[in-house]
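The values are calculated or read from the model by the stated rules, or taken from the named source; none is laboratory data. These numbers were taken from a predicted model, which means no experiment stands behind them. Methodologically, a virtual Cβ is constructed for each residue, glycine included, from the backbone with ideal geometry; neighbour enumeration extends over all protein chains shown. The protein model used for the area step is the full one, side chains on, heavy atoms only, and it has no ligands, DNA or RNA in it. Shrake-Rupley method; radii C 1.70, N 1.55, O 1.52, S 1.80 Å.
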Amino acid sequence: MAGSVVRSPLSILFYVVATAAAAATQAANMTSDEEYWAKRAAIARSYNRGAYVSDPVEAMNKFNSDVQKASSETRRSLKRKYKGPCMATNPIDRCWRCRADWASDRKQLAKCAMGFGHKTTGGLAGDIYVVTDASDDDMVNPKAGTLRHAVIQDKPLWITFARDMIIRLRQELIVNRDKTLDGRGAQVHVVGAQITIQNVNNVIVHGLHIHDSIPHSGGMIRDSTTHYGLRTESDGDGISVLGSSNIWIDHVSMRNCADGLIDVINGSTAVTVSNGHFTKHDHVMLFGAKDEHTQDRVMQVTVAFNHFGKGLVQRMPRVRFGFVHVVNNDYTHWRMYAIGGSQNPTIISQGNRFVAPDDGNAKEVTKREYVTEEQSKDWVWTSQDDLFLNGAYFTPSGGRNERRNDAADLIKARSGQYVASLTQFAGALSCRVGKPC
């Protein structure tokens, strides 16, 4: 785990300036719901400010150092399904996997986050809440034992599932702060509507299958034990992170949602997306939703050990503003491009494997959108130790990113040649109680 970060007055001033525009837009004559969400947003911004790292490269290099120390040098073939003994091949998994007693010490997982979301502990400080009922019938007064009842509680909770289940959401599921959604020990599918993480802090989503989310018209929906209100239409994302910080999304399997699989927007920061398996989708990840959302300059996201697989088209991720560390991921499929952006984001690609499609017009990994080459020439987009196959290529720009730390911090991520091993167990795992996971 990385240590505390000392922030300079200049970096704090930068954060305040970057978020001031969002705060200034609040209207004087709000409805009670608007006032409620404005207060939540103000509280969330204070947490986001605390989560913002003044030197993101230092955090990135700490991540790289941990990968170097812990990663395996074995490799695997994508064409073969592993059937041997439990094997943890990257440092996040080595922190908790392959212990037969994992179910009696579930909260060990809270010590395992890495990257910009490394401080995320979810429901570590709370009780275990077991979801026993897959129904989702009441948006305002959800039944005890349902997932919706669990996530709205105003206290930390570690949420588990009593058995395999398909939870068909009737409206977006709004998650309160200090929660862990832990799908280990069951095969849990969340379908029908998106998971919304809005203006909160400290949430882990782990081990779920999330797919076939569609837009919903909104209505009266409860988001805490003390508040429910009128929600507008939800987009049909898989997971939507808005104005939140210390968020860790790990070992999810996601596909086929109406909008994006994962959105990180509205000034969210300190986010890690790791060990995911993504398939059958067009717009995969959107980090920063609109050009006018300058609050996303504080966005810091780590994308690590994921497998971007069959049926994907683009946005893995697509970034506006912010700083994104894309490290040791396996890109085996895309139809248009893999990594794109606009509005001068910093994108550091390290140790990824890029396998281009056969289409000769889609070999380029990168895409700079709505901008000329001259306008984007100073954007810092770098590729280090990536592996390019089948004609794939990365177009860098902006030269070297400035590093403000000593040589000991400059340990690189594992080379792209090791990605097959590092991502071998991406996606929701088939963990069963009493057996190594």
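How big is the accessible area of Glu35 in square angstrom, nearest 10, if you roll a 1.4 angstrom probe over the protein chains?
90 Å²
May I ask for the distance between the Cα centers of the stretch 279-306 and the stretch 369-385, given as a whole number of Å?
Distance between centres, Cα-based: 17 Å.
So which trypsin sites (Lys or Arg not before Pro) in the stretch 242-305 end up in coil per DSSP with only 12 or fewer other C-beta atoms within 10 Å?
Working: sites: Arg255, Lys280, Lys290, Arg297; in loops: Lys280, Lys290.
In loop regions of the stretch 242-305 (DSSP not H, G, I, E or B), the sparsely surrounded trypsin sites (Lys or Arg not before Pro) are Lys290.
Packing-wise, with mean Cβ within 10 Å as the measure, how do 160-168, 109-117 rank, highest first? Write out the running numbers ahead of the final one.
Working: 160-168: 16.6, 109-117: 24.2.
Ranking the peptides 160-168, 109-117 by packing returns 109-117, 160-168.
For labels at Ile128 and Tyr370 in the simple 7 Å Cα→Cβ model, what's the distance in nm?
About 4.8 nm separates the two model spin labels.
I'd like the accessible area for Val205: 1.4 Å probe, protein heavy atoms, all chains in place, Å² to the nearest 10.
Solvent-accessible area, nearest 10 Å²: 0 Å².
Largest first, how would Ser397, Ser217 line up by accessible area (1.4 Å probe)?
So the residues, ranked largest to smallest area, are Ser217, Ser397.
Could you look at the stretch 159-308 and say what percent of its accessible area is carbon and sulfur, using a 1.4 Å probe and all protein chains? Walk me through the numbers before you get to the answer.
On the way: 1760 of 3880 Å².
Ligands and nucleic acids excluded, carbon and sulfur reach 45 percent.
At R0 = 56 Å, how high is the FRET efficiency between Tyr82 and Ser135 if r is their beta carbon distance? Nearest 0.05 is fine. Write down the numbers at each step before the final one.
Details: r = 35 Å, r/R0 = 0.63.
That pair, Tyr82 with Ser135, gives E of 0.95.
So if each residue of separation counts as 0.36 nm, and I subtract the Cα-Cα distance between Gln417 and Asp378, what length gain in nm does that give? Write down the numbers at each step before the final one.
Details: separation 39, 0.36 × 39 = 14.04 nm, distance 2.90 nm.
Fully extending the segment from Gln417 to Asp378 adds 11.1 nm.
Probe of 1.4 angstrom, ligands and nucleic acids ignored: what's the accessible area per residue over the stretch 135-238, in square angstrom?
32 Å²
Rounded if a/c is under 1.5, else prolate if a/b beats b/c, else oblate: with a ≥ b ≥ c from the C-alpha gyration tensor eigenvalues square-rooted, which is the stretch 141-245? All intermediate terms of the calculation are to be shown ahead of the outcome.
Numbers: a/c = 1.41, a/b = 1.15, b/c = 1.23.
Verdict is rounded for the stretch 141-245.
Over the stretch 79-228, what is the percentage of antiparallel beta bridges among all DSSP beta bridges, to the nearest 5?
Restricted to the stretch 79-228, the bridges split so that about 10 percent are antiparallel.
In whole Å, how far is the Cα centre of the stretch 317-353 from that of the stretch 100-158?
With the stretch 317-353 and the stretch 100-158 each reduced to a Cα centre, they are spaced 30 Å.
Could you do me a favour and compute the accessible area per residue for the stretch 305-377, 1.4 Å probe, result in Å²? Walk me through the numbers before you get to the answer.
Values: 2460 Å² over 73 residues.
About 34 Å² of surface per residue is accessible.
Order Asp223, Asp105, Asp133, most accessible first, counting only protein heavy atoms with a 1.4 angstrom probe. Could you put the intermediate results ahead of the total?
Working: Asp223 0, Asp105 60, Asp133 35 Å².
The ranking, largest first, comes out as Asp105, Asp133, Asp223.
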